[in-house]
1. I'd like the full set of residues that are part of a helix (DSSP H, G or I), without any contact (Cβ under 8 Å) to a residue 12 or more places away in the chain and either over 23 Å from Arg77 (Cα atoms) or not aliphatic (A, V, I, L, M) (or both), limited to the range 1-14.
2. I'd like to verify a number: residues in the range 1-25 that are surrounded by 11 or more Cβ atoms within 10 Å (Cβ to Cβ), at pLDDT below 95 and among the hydrophobic types (A, V, I, L, M, F, W, C), how many?
3. Condition first: assigned to a helix (DSSP H, G or I) and either under 24 Å from Leu75 (Cβ atoms) or in contact with a helix residue (DSSP H, G or I) (Cβ under 7 Å, 6 or more places away or on another chain) (or both). Now tell me which residues in the range 31-43 satisfy that.
4. Would you check which residues across the range 51-62 are surrounded by 18 or more Cβ atoms within 10 Å (Cβ to Cβ) and not in a helix (DSSP H, G or I) and list them?
5. Report yes if some residue within the range 15-30 is under 24 Å from Val65 (Cβ atoms), of a type in the set (D, E, K, R) and in a helix (DSSP H, G or I); otherwise report no.
6. Determine if the range 41-52 includes at least one residue that is over 27 Å from His70 (Cβ atoms) and of a type outside the set (Gly, Ala, Ser).
7. Cβ-Cβ under 8 Å, sequence separation 6+ or interchain: first residue in the range 56-68 and of a type in the set (S, T, N, Q), partner in a loop (DSSP other than H, G, I, E, B). Which pairs?
8. From (1) hydrophobic (A, V, I, L, M, F, W, C); (2) in a helix (DSSP H, G or I); (3) surrounded by fewer than 16 Cβ atoms within 10 Å (Cβ to Cβ), pick out the condition that doesn't hold for Leu46.
Amino acid sequence: MIDVRPTALDRKWDELMTLCSNEAEFKRDGRHPKLVKYLAAQIAQLAGELGFGDDQIEQREFRAVKDGQHVVRLLTR
């Protein structure tokens, strides 16, 4: 039987992707500059915790290897 429950890494990855999506949407629309700044700080903190380097965080270059629905490895530098 395959475990389909998200792992802690799955949840953190999903949170990071959601933060990035929201940030991009608000930037594109030119709305809520304070919220964009807050989202950027949240992204930097979470991405740092996940092991992404400063250049990856700055460029928003986050990659993960998945096996089915689960993240098995993050491509960090």
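1. Answer for the range 1-14, where residues must be part of a helix (DSSP H, G or I), without any contact (Cβ under 8 Å) to a residue 12 or more places away in the chain and either over 23 Å from Arg77 (Cα atoms) or not aliphatic (A, V, I, L, M) (or both): Arg11, Asp14.
2. Result for the range 1-25: 0.
3. Result: Leu35, Val36, Leu39, Ala40, Ala41, Gln42, Ile43.
4. Hits for the range 51-62 are Phe52, Phe62.
5. Yes, because at least one residue in the range 15-30 is under 24 Å from Val65 (Cβ atoms), of a type in the set (D, E, K, R) and in a helix (DSSP H, G or I).
6. No, the range 41-52 has no match at all.
7. What qualifies is Gln56/Phe62; Gln56/Thr76; Gln56/Arg77.
8. (3)
The values are calculated or read from the model by the stated rules, or taken from the named source; none is laboratory data. Note that the coordinates shown come from a computational prediction; the quantities given were computed from them, not determined experimentally. Positions of Cβ are generated from backbone atoms using ideal geometry, with glycine treated the same way; all protein chains shown enter the neighbour counts.
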